[in-house]
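Nothing in this text is a laboratory measurement; each read-out follows from the coordinates by a stated rule. What you are looking at is a predicted structure, and each value in this text was computed from that prediction instead of being measured. Virtual Cβ from ideal backbone geometry, glycine too; neighbours counted across all protein chains shown.
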Amino acid sequence: MAQILMYKKDPCPYCDRAIRLLEEKGLAFDIIDLTGKQEEIDRIKSETGWRTVPIIMINGKLIGGYTDLKALDDEGRLMELLK
């Protein structure tokens, strides 16, 4: 199974939605909480080019945020990516 990594901070309703979606799918994933770590947030945003949280990676590849994750799932492509 693929490695799923999510960068999040609180409060973040989109982070909460992404976590809920992954949990509902029964998927294992790692979370890095960046709450209160502005320098780390800036570094991750610079590295990925993504400007908002959550920042979701699958096997080291940027997937995007919650809406991107949800779209992959709605299109039936999420589970394919995780094989």
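Listed values, structure above:
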{"item": "Qualifying helices (runs of 4 or more DSSP H) (wholly inside the chain; at least 1 residues being of a type in the set (Phe, Trp, Tyr) and surrounded by 11 or more Cβ atoms within 10 Å (Cβ to Cβ))", "result": "13-24, 66-74"}
{"item": "Contacts under 8 angstrom Cβ, first residue in the stretch 1-23 being in contact (Cβ under 8 Å) with a residue 12 or more places away in the chain and at positive phi, partner surrounded by 12 or more Cβ atoms within 10 Å (Cβ to Cβ) and of a type in the set (Phe, Trp, Tyr), 6 or more apart", "result": "none"}
